[in-house]
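Report on one structure; see the data block that follows.
The values are calculated or read from the model by the stated rules, or taken from the named source; none is laboratory data. This structure is a prediction, so every number in the text was calculated from the model and none was measured. Here Cβ is always computed from backbone atoms with ideal geometry, including for glycine, and neighbour counts include all displayed protein chains. Surface areas here come from the heavy atoms of the whole protein model, side chains and all, with no ligands, DNA or RNA. Shrake-Rupley method; radii C 1.70, N 1.55, O 1.52, S 1.80 Å.
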Amino acid sequence: MARSGRERGGQGRRGMFWFLALILPLFLTGCSDFIDRDQTSVAPEMALTLEPGHTVGQTFVTRHGGLNGVEVWLEPEPGATGRLLLHLRADPQSAADLAVATLPLEQVTAPDFYRFSFPPDSRSHGVYRYAFLELEGAGFARVGAASGEAYIDGTACRDHEPQDAQLAFRLTYDPWGMALDLGRAALEGIGLLAVAALLYLVPGYAVLVWVRPHPLPLGDLAAGGGGEGLALAAGLSLALYPLLFLWTDLVGLHLGPLYAWLPVVGGLAALAWRYRRWRPREGWEALRRWARSEALWPDLALLVVLALVFGVRLLVVRTLDAPMWGDSYQHTMIAQLLVDNGGLFHSWAPYAELRTFTYHFGFHSTIAVLHWLTGMDVVRAVIWGGQILNGLAVLALYPLVIWTGGNRWAGVVAVGVAGLLLPMPMYYVNWGRYTQLAGQAILPAAVVLSGAFLGAGRRSWALAGAAWVAVGGLALTHYRVLIFYVIFVATWLILNVRKSDWRRPVARVVGIGSGSAVLFLPWFLQTTAGQIIRNFTRQLTTVPEKVSAFTRQYNAIGDITAYMPPVMWLVFLLATGIVLWRRRRGGLLVVLWWFLLFVATNPEWLSLPGTGTISNFALFIGVYIPAGLLIGHALGEWMAAWSEKRRWAIPLAAVVCAVAAMGVPARMKDLRVAQHALVTRPDLRAMAWIRENTPEDARFLINSFFAYSESVVVGSDGGWWLPLLAGRANTVPPLNYGTEQGPFPEYRKWVNELTEQVQEEGLDHPETIAQLRQRGINYVYIGQQQGHVNYSGPGTLDPQELLTGGHYRPVYHQDRVWVFEVVR
């Protein structure tokens, strides 16, 4: 008797279960331990001597679950006998061993890494630990080491006291423990993405389904599902939040957590009402039609590619302790102030002394609502939310490809190229370039919705309203990316206006601009309180002959291979040639749009003013947009032709997914923590000590240096984050103090004077001491990175200078972090 399809499917699932249950353990059991290359540099002159009665150790942070050993570089010494004991503890102050491992000295026969093994800890991911060696026997042993800069999350110790060095060590992990840890991470990531879908998809999706009866030139699932609808929903949702913050503030409402809950609940209610007559049978029939359609395999390929895009972005930041580099500090502070005030604010107290707020705040509003919906602290919300927006910025290309004449295969290629084969926008996490990223996640939705309205046969006010929201939200999210949009509109007009019929397109452009301007106008008026508008006007009107040397240097194109590998530049140029040869109108629109952007970024080539209004850096880190679009266009048409033969659809989907997956290892390496992290785990431990052991009105001198043509100073290690992480004031405000109003007219100059004094005269100069006392500075903080993040010049705070000068008393020293009290 023949078995039913259900029985065959059930047996197949059971077979797969037992296959995995039997094969996976064998696979993991057969795997050797994973060895992480934590700190492998060995400098002979830095070696530490281990002898009886003394200890040599290292603090560190684990990167995976399943920690089961520590490998240390050892060099044999003639006549040494006995055994080495490695003790694993929570920190240097702890007296309790978590594990102990031994190694006979007779086994140390040549300079190399030697392993000390102990039972695996499946929950070791991201924990701070201290491992130290002691020698039981006679003689001594030499332990390899390098300089203090070689590792950022700990330090070498001698007799449990920190040294300015790092042992040469490697951590080993059990494959089972790593697998369990990654499984937990996957579940946490899925949960986070589910919450993100509520916040960043549902509100915009609800808007789209009400616009659906109106002309949206997208695919079969336009505005109601599929990659097109999801990407447009994300752009609209991200645009809605800053508009909601702004217009409720205008009427005196600060809604706090309701900013998160109202759009989500309202969106779900709107969707439920819109589909109130929907029945499961309709969904089943739609699913069956989709399964038989040509959309099946490109859509499945898109799902796989998106899983890789979001998976790699969430995986790489699991061990970050804070967002990286300078921009992240101001972004986190703004998001925290939105949370503290339950909405928009003017005063930056208690974190800074600024009295106005004129910066764009779209990204920060999306982080605030993520905090309110999940309960995670704002620092973590910036990390996770930034990476989610990074993935959404890639997904946003999908409807733009479709609208410009591409197909589903072209959309999959565009997402795969931008998300996995190019370093941008993945690399933004190193710079904290979150605001431009958020703007570029909204930009495609603004372009598509505006383009749909401009090109529609009949006027649709619902579609116009959706475009107003997208463009108005974009204006509140990033001022420069708004210029990208304006140049798109100009490009569209160039390609579409005819002498015989110019009134209608121009009128529609005016309509889009007017509606968006009304939504943005209240904030535009507020920006006049700061320096942003003045700076922008000055840049826009400065003729090439009067452009400063700094602006010329800052606007230099530089090494273009930093933005895209040489082979991808070649592919990009070839794809551009193919698109121009085919003369497809949508492809021409993309090429002309980005050509005009390039010209607008370099107006001096045409002897026009405006150099620096859009920097080449800001433009080139967005090169993933035209690269993804045009490579998608070039390949999509050919792939669609091949996929019409059903037997080729599956191989095409497999090839696309495989090529995209090849980019995963490179994207995993895009994170450059050692070069860009201001805050490390030792800094967080020091912040906790500061909260418990210093008065609330304490004020700290921190490492800083001059930036932006010496117009402002910026922090260069974890001390910059003291107001947010320790609740204590420091000497360097967030970068916005260059454009916002301070507590008195010459505030920026006053801030800069102290850094100038320290760099020129030193910490022990009488004038420096006088300024510290006058400003109420009673502590000095030197972070784990010791002032060398993005800075290698003179004037960093030297702990040895403070120890010998007599004006400063050390009160904290763990790892490479120092806290000194100013002696009165």
Place a point 7 Å from the Cα of F34 in the direction of its beta carbon; the residues of segment 659-675 whose amide N falls under 20 Å from it are 661-674
Filtering GluC sites (Glu not before Pro) in segment 732-805 by DSSP loop and by at most 11 other Cβ atoms within 10 Å leaves E746
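Using Cα pairs closer than 8 Å and at least 6 residues apart in sequence, work out the relative contact order for segment 89-193, in percent.
Working: 83 pairs, mean separation 25.8, N = 105.
Relative CO of segment 89-193 lands at 25 percent.
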FRET efficiency for V823 and I494 from the Cβ-Cβ distance with R0 = 41 Å, rounded to 0.05, comes out at 0.05
Expressed per residue, the solvent accessible area of segment 631-746 in Å² (1.4 Å probe) is about 42 Å²
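Work out the FRET efficiency for E753 and A674 from their Cβ-Cβ distance, taking R0 = 22 Å, and round it to the nearest 0.05.
After rounding to 0.05, the efficiency reads 0.10.
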Regression test value, accessible area per residue of segment 113-179, probe 1.4 Å, units Å², expected 35 Å²
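Which loop-located chymotrypsin sites (Phe, Trp or Tyr not before Pro) does segment 675-756 contain, where loop means any DSSP state but H, G, I, E or B and the Cβ has at most 14 other Cβ atoms within 10 Å?
On the way: sites: W689, F700, F705, F706, Y708, W720, W721, Y737, Y747, W750; in loops: Y708.
Those that pass, being in a loop and sparsely packed, are Y708.
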Distance in nm between R809 and M662 label points, each 7 Å along Cα→Cβ, equals 6.5 nm
Asserting the computed 222 nm helical MRE of the chain (DSSP H runs at least 4 long, -39500 (n - 2.57) per run, divided by residue count, to nearest 500) equals -17000 deg cm²/dmol
Excluding ligands, DNA and RNA, the carbon-plus-sulfur percentage of the accessible area of segment 37-180 with a 1.4 Å probe reads 51 percent
Between R288 and I650, the FRET efficiency computed from the C-beta separation at R0 = 22 Å comes out, to the nearest 0.05, as 0.70
The percentage of the accessible area of segment 304-438 (probe 1.4 Å, all protein chains present) made up of carbon and sulfur atoms, to the nearest whole number, is 57 percent
Scoring only Lys, Arg, Asp and Glu (+1, +1, -1, -1) among other residues with Cβ under 11 Å from the Cβ of M324 yields 0
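At 0.36 nm per residue, minus the direct Cα-Cα distance, what do A90 and A562 gain on full extension? Give it in nm, one decimal, please. Display every interim value, and only then the final one.
Numbers: separation 472, 0.36 × 472 = 169.92 nm, distance 4.03 nm.
Value of the extension gain: 165.9 nm.
So how strong a dipole does segment 222-366 carry about its Cα centre when Lys and Arg Cβ are +1 and Asp and Glu Cβ are -1, to the nearest 20 debye?
Roughly 780 debye for segment 222-366.
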Rounded to the nearest 10 Å², the accessible area of R433 using a 1.4 Å probe with every protein chain kept is 40 Å²
The percentage of the accessible area of segment 673-733 (probe 1.4 Å, all protein chains present) made up of carbon and sulfur atoms, to the nearest whole number, is 45 percent
In nm, the gap between the two label points placed 7 Å beyond Cα toward Cβ at A688 and R281 is 6.1 nm
Highest mean packing first, using Cβ neighbours within 10 angstrom, the peptides 93-104, 420-431, 187-198 sort as 420-431, 187-198, 93-104
Subtracting the Cα-Cα distance of A641 and W569 from 0.36 nm times their residue separation yields 23.4 nm
Nearest 10, in degrees from 0 to 90: the angle of helix 624-643 to the longest Cα principal axis of the chain is 60 degrees
Judged on accessible area alone, 1.4 Å probe, highest first, L463, L493 line up as L493, L463
Per DSSP, the loop-located chymotrypsin sites (Phe, Trp or Tyr not before Pro) within segment 447-510 having at most 13 other beta carbons within 10 Å are W502
The correct ranking of R503, R129 by accessible area at 1.4 Å, largest first, is R503, R129
Taking Cα pairs closer than 8 Å and at least 6 residues apart, the relative contact order of the chain in percent is 13 percent
With 0.36 nm assigned to each residue of separation and the Cα-Cα distance removed, H54 to Q553 gains 174.3 nm
